[in-house]
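*Asks:* Just dropping this structure here.
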Amino acid sequence: MKKIVYLLFFTSTLAFSQEIALLKYSGGGDWYANPTALPNLIRFCNQNVNTRINPKPVTVSPGSPDIFSYPFIHMTGHGNVIFNDLEIQNLQNYLYSGGFLHIDDNYGMDQYIRKEINKLFPNDNLVELPSSHEIFQKPFSFPNGLPKIHEHDGKRAQAFGIFINNKLALLYTYECDLGDGWENPEVHNDPQNVRENALKMGANIISYIFKN
């Protein structure tokens, strides 16, 4: 009987061993932007890069212990972001324990999120990832680095990171808007090749998380 229970538990664990979450933060910014983005990215990854991610992403708060259940947490929005002291401590513990936070500026978040990143890493600066970084190499090649999905201010797309023990722990994608590219086609009417680039770049991020 114990063996059967163990096998059932093990099978269930395997079925849900890969899950990702969306961060619900305070401050007034629309953390809930791009509602179709993560489900579409998950579907793309499961079909193209051999992941087995739960098709429905979970919503978590930065101060919740639940964040430790997810190796990848995605954060997006257009406006203000505020982490309180408890949330800062919890996120720090999460990241230093091997968790990963991807922040995708959905246009308008930059001036706010940089302040909160400084709170998370007061002794570290965001560094721009070179196009030679692993995250741009596989499984899909982006020889010029982060692709430009939406124009916004016309600046070049940039990927910034914070490293912990030589491993990328926080990724901040700026002037790119990957999440818009992950959304359903009719939401932004992006050309197919633009959406594919966004999804492939997202798959690279997911692959990096599950393989490092």
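*Asks:* Which residue pairs have Cβ atoms under 6 Å apart, sit 6 or more places apart or on different chains, and have a first residue in the stretch 153-164 that is in contact (Cβ under 8 Å) with a residue 40 or more places away in the chain and a second that is part of a strand (DSSP E or B)?
*Replies:* That search, which allows pairs on different chains as well, returns Ile162/Ala169; Ile162/Leu170.
*Asks:* Answer yes if at least one residue in the stretch 115-124 is over 14 Å from the mean Cα position of the chain (by Cα), of a type in the set (S, T, N, Q) and more than 23 Å from Lys148 (Cβ to Cβ), and no otherwise.
*Replies:* Looking through the stretch 115-124, at least one residue is over 14 Å from the mean Cα position of the chain (by Cα), of a type in the set (S, T, N, Q) and more than 23 Å from Lys148 (Cβ to Cβ).
*Asks:* Taking the options His74, His133, His78, name whichever one is of a type outside the set (Lys, Arg), in contact with an Asp or Glu (Cβ under 9 Å, 6 or more places away or on another chain) and surrounded by fewer than 21 Cβ atoms within 10 Å (Cβ to Cβ).
*Replies:* Answer to the check: His78.
*Asks:* Only one residue in Leu170, Leu199 is out of contact with any strand residue (DSSP E or B) (no Cβ under 9 Å at 6 or more places or on another chain) and of a type outside the set (Phe, Trp, Tyr), so which one is that?
*Replies:* Every option except Leu199 fails the conditions.
*Asks:* Filter the stretch 179-190 down to residues that are open to solvent by less than 70 Å² (accessible area, probe 1.4 Å), in a loop (DSSP other than H, G, I, E, B) and more than 8 Å from Ala37 (Cα to Cα), then give me how many there are.
*Replies:* Total satisfying the criteria: 1.
*Asks:* Right, here's the next one. Let me confirm something: among Leu168, Leu146, which residue is under 16 Å from the mean Cα position of the chain (by Cα), farther than 18 Å from Leu95 by Cα and of a type outside the set (Lys, Arg)?
*Replies:* Leu146
*Asks:* Can you find even one residue in the stretch 112-132 that is aromatic (Phe, Trp, Tyr) and either part of a helix (DSSP H, G or I) or over 20 Å from Phe163 (Cβ atoms) (or both)?
*Replies:* Scanning the stretch 112-132 turns up at least one residue that is aromatic (Phe, Trp, Tyr) and either part of a helix (DSSP H, G or I) or over 20 Å from Phe163 (Cβ atoms) (or both).
*Asks:* Select from the stretch 136-161 the residues that are more than 16 Å from Ala198 (Cα to Cα) and in a strand (DSSP E or B) and write down the one among them that is most open to solvent (accessible area, probe 1.4 Å).
*Replies:* My answer is Phe160.
*Asks:* How about the stretch 162-178: which of its residues are among the polar types (S, T, N, Q) and open to solvent by 30 Å² or more (accessible area, probe 1.4 Å)?
*Replies:* Matches in the stretch 162-178: Asn165, Asn166.
*Asks:* Can you name the condition, by its number, that Leu171 falls short on among (1) modelled with pLDDT under 95; (2) within 23 Å of Gly98 (Cα to Cα)?
*Replies:* (1)
*Asks:* Could you tell me which of the residues Leu41, Leu91 is crowded, with 22+ Cβ neighbours inside 10 Å, touching a residue at least 12 places away in the same chain (Cβ under 8 Å) and more than 19 Å from Phe163 (Cβ to Cβ)?
*Replies:* Leu41
The values are calculated or read from the model by the stated rules, or taken from the named source; none is laboratory data. The structure presented is a predicted model; accordingly, all values stated were derived computationally and were not measured. We place every Cβ from the backbone using ideal geometry, glycine too, and count neighbours over all the protein chains shown. Note: areas computed on protein heavy atoms with side chains; ligands, DNA, RNA excluded. Shrake-Rupley method; radii C 1.70, N 1.55, O 1.52, S 1.80 Å.
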